[in-house]
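Presented below is the structure to which this report refers.
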Amino acid sequence: MTSYQLDVLLTESDLRRALQEDVRAGFGAPPGRRTLPPKWFYDERGSKLFDEITRLPEYYPTRCERAILGARAGRIMELVAPSTLIELGSGTSEKTRLLLDAGRETVRTFTPFDVSESTLRSAAEDLSRRYPRLAVHAVAGDFERHLGHLALLHSPGGPAGSGQSAARPPGPWLLAFLGSTIGNFEPQRRRAFLGAVAAALSPGDWLLLGTDLVKDPARLVAAYDDGAGVTAEFNRNVLAVVNRELGGDADLDRWAHVARWDADQEWIEMRLRAQGRQTVNLFDLAMTVRFEDGEEVRTEISAKFRRPGVSAELAAAGFELREWWTDPAGDFGLSLSQRR
Ligand code: SAH
Ligand code: TRP
């Protein structure tokens, strides 16, 4: 028998309301400045497509980060000896198993935290089967809104209604944020997010952060525009989500996937480009949006980093960089820092 605890902070109706607000604002902007926020990529189909992306030949970040974790998980767990491992944007938590394997002696609770409840459920199920002595306490929430919930993990009585009473065990927390998902925030939100992570932790706790590094733009663009077209399908899937959830009639075949390197900002921009002049009706919002031929909607940025920048941003948020590792080719960075 397997069991895990799941706190659902986002109900279906919360999600629909948030999507409505995002689409109203994002599509309501003037042509050329229209956006859709990235968390809506990850419905069941989007999460499966992302999982496929991680195995594409062009998409090196997952393989690089896995190689670093493979080489360093023992050192990380020895240095930190955490009682609790938290993972934000956990997805399948596949790479995280390297940390759980190395941390068998000390880690008692694992908290995967993701906006995609279906992905979280199958990951939590799988992990509780693989690690029968680990308490898997998953949180379905938005990491830009619900980090405060982490304070309830070990409060007397446990999270509301959980019936659990687990005092915080001795030993620090280790919070992992992998896959360079931090690059999907714009700089200002990134700062706010790191501040909120620091606030959710206590002095002495640790942050393990994966950051994709600046490199040859051709390789960067290829990682976000693969030959098999999986990333294109992933990008267009956000329109399928909008159609389904908001009664929309966007024609996915008339939107092209665009990935572009912005050398000034040092980020990849993902866009959807209208193929021909068209109208999208959003029945549930009583909204009609007209797009000119070639008009683009920005769906995602993926910022790329350099070590000094990562270190400075961590310091500004109250973390001290303790270790910095890359894969042998220097494509991807993994930092371990401690909350002051
Ligand atoms: N950590 C995994 C997955 C990265 S993909 C890896 O390294 O491969 C990004 C993950 O973050 C997805 O699982 C997505 O569902 C989740 N996510 C995106 N926006 C989120 C948000 N606002 N709150 C919580 N999770 C989010
Ligand atoms: N965090 C991942 C990244 O920035 C997410 C991602 C990979 C992604 N490929 C994508 C997001 C394509 C949107 C479109 O690498």
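The values are calculated or read from the model by the stated rules, or taken from the named source; none is laboratory data. Model, not experiment: these values are computed from the prediction. Heads up, the Cβs are rebuilt from the backbone with ideal geometry, glycines too, and the neighbour counts pull from every protein chain shown.
What the table shows:
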item	result
Listing of strands (runs of 3 or more DSSP E) fully contained in segment 189-284 that carry 3 or more residues being within 19 Å of the chain's Cα centre (by Cα)	206-212, 267-274
Filtered residues of segment 242-256 (kept if buried (at least 20 other Cβ atoms within 10 Å of the Cβ) and within 16 Å of ligand 2 (Cβ to nearest atom))	242, 255
Pick from segment 64-85, criterion without any contact (Cβ under 8 Å) to a residue 60 or more places away in the chain and either in a loop (DSSP other than H, G, I, E, B) or surrounded by fewer than 17 Cβ atoms within 10 Å (Cβ to Cβ) (or both), ranking: nearest to ligand 2 (Cβ to nearest atom)	70
Test: residue in segment 302-311 that is touching a Gly at 6+ places or on another chain (Cβ under 6 Å), under 25 Å from residue 180 (Cβ atoms) and within 16 Å of ligand 1 (Cβ to nearest atom)	yes
Lone qualifier among 316, 329 - being more than 16 Å from ligand 2 (Cβ to nearest atom), in contact with a Cys (Cβ under 8 Å, 6 or more places away or on another chain) and modelled with pLDDT of 95 or more	329
Qualifying residue in segment 86-94 (condition: within 13 Å of the chain's Cα centre (by Cα), assigned to a helix (DSSP H, G or I), crowded, with 24+ Cβ neighbours inside 10 Å and polar (S, T, N, Q))	no
For residue 108: the one exception among (1) closer than 21 Å to residue 179 by Cα; (2) away from ligand 2 (no atom under 15 Å from the Cβ); (3) surrounded by fewer than 22 Cβ atoms within 10 Å (Cβ to Cβ)	(1)
Residues that are part of a helix (DSSP H, G or I), under 17 Å from residue 269 (Cα atoms) and out of contact with any Pro (no Cβ under 8 Å at 6 or more places or on another chain), drawn from segment 1-44	38, 39, 40, 41
Residue that is farthest from residue 49 (Cα to Cα), among those in segment 195-254 that are of a type in the set (Lys, Arg) and out of contact with any helix residue (DSSP H, G or I) (no Cβ under 8 Å at 6 or more places or on another chain)	215
So residue 41, is it out of contact with any Asp or Glu (no Cβ under 9 Å at 6 or more places or on another chain) and within 16 Å of ligand 1 (Cβ to nearest atom)	no
Scan of segment 102-140 for residues that are away from ligand 1 (no atom under 14 Å from the Cβ), outside any helix (DSSP H, G or I) and not aliphatic (A, V, I, L, M), ordered by number	103, 104, 105, 106, 108, 109, 131, 132, 133, 137
Of all residues making up segment 1-25, the number that are of a type outside the set (A, V, I, L, M) and either in contact with an Asp or Glu (Cβ under 7 Å, 6 or more places away or on another chain) or in contact (Cβ under 8 Å) with a residue 60 or more places away in the chain (or both)	8
Test set (1) loosely packed, with under 15 Cβ neighbours inside 10 Å; (2) out of contact with any Ser or Thr (no Cβ under 7 Å at 6 or more places or on another chain) - residue 60 fails condition number	(1)
Selection count where residues are within 16 Å of ligand 1 (Cβ to nearest atom) and exposed (fewer than 12 other Cβ atoms within 10 Å of the Cβ), scope segment 270-290	0
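Every residue, every condition in (1) modelled with pLDDT of 95 or more; (2) away from ligand 2 (no atom under 13 Å from the Cβ), yes or no:
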| site | (1), (2) |
| --- | --- |
| 151 | no, yes |
| 158 | no, yes |
| 170 | no, yes |
| 188 | yes, yes |
| 199 | yes, yes |
| 202 | yes, yes |
| 212 | yes, no |
| 240 | yes, yes |
